[in-house]
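Enquirer: Provided herewith is a single structure, encoded as structure tokens, for subsequent inquiry.
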Amino acid sequence: MEQFGYIKSQPNLDAIFSALADPTRRAILSRLADGQASVNEIAEPFAMSQPAISRHLKVLERAGLVEREVDEQRRPARLKAEKMAAAVEWLAEFRAFWETSFDQLDELLISMQKHKQ
């Protein structure tokens, strides 16, 4: 059953936004943008345990934003930024709305300034 005005979301969009909702996970993604890193390397700047960082990494993996591979005894994590493209595309659909809203706000502020003088 298709609802009127309902837009089907991308398959993994809920998981992506859920993963991005946490500031620690966003910080981990920022760290991984500089290159792959081990759990120890990722955990270094945080005041939390390595198991807690591993749990964050698992959420990011399930969302498809991070990939981990076995490299001898290490399991380095690597950013998969292409998965964020679905979220960016979805947000871009609202660009026209925000641009129109900002234009209207600009006009209102200019009008208010003219009436003050």
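Enquirer: For segment 91-114, does any single residue satisfy the condition of being crowded, with 16+ Cβ neighbours inside 10 Å and either outside any loop (DSSP other than H, G, I, E, B) or touching a Ser or Thr at 6+ places or on another chain (Cβ under 7 Å) (or both)?
Expert: So far as segment 91-114 goes, no, none of its residues is crowded, with 16+ Cβ neighbours inside 10 Å and either outside any loop (DSSP other than H, G, I, E, B) or touching a Ser or Thr at 6+ places or on another chain (Cβ under 7 Å) (or both).
Enquirer: If you take the residues of segment 66-90 that are at pLDDT below 85 and surrounded by fewer than 10 Cβ atoms within 10 Å (Cβ to Cβ), which of them is nearest to residue 27 (Cα to Cα)?
Expert: Once the filter is applied, the top-ranked residue is 70.
Enquirer: Can you find even one residue in segment 37-50 that is of a type in the set (Ser, Thr, Tyr), exposed (fewer than 15 other Cβ atoms within 10 Å of the Cβ) and at pLDDT 90 or above?
Expert: Checked segment 37-50: at least one residue is of a type in the set (Ser, Thr, Tyr), exposed (fewer than 15 other Cβ atoms within 10 Å of the Cβ) and at pLDDT 90 or above.
Enquirer: Tally up the residues in segment 54-75 that are assigned to a strand (DSSP E or B), within 16 Å of residue 33 (Cα to Cα) and out of contact with any Asp or Glu (no Cβ under 8 Å at 6 or more places or on another chain), please.
Expert: Number of matching residues: 1.
Enquirer: Could you figure out which of (1) outside any helix (DSSP H, G or I); (2) modelled with pLDDT of 95 or more; (3) of a type outside the set (Asp, Glu) isn't true of residue 29?
Expert: (1)
The values are calculated or read from the model by the stated rules, or taken from the named source; none is laboratory data. Since this is a predicted model, take the numbers as computed values, not measurements. No Cβ is skipped: glycine too gets one built from the backbone with ideal geometry, and neighbour counts run over all protein chains shown.
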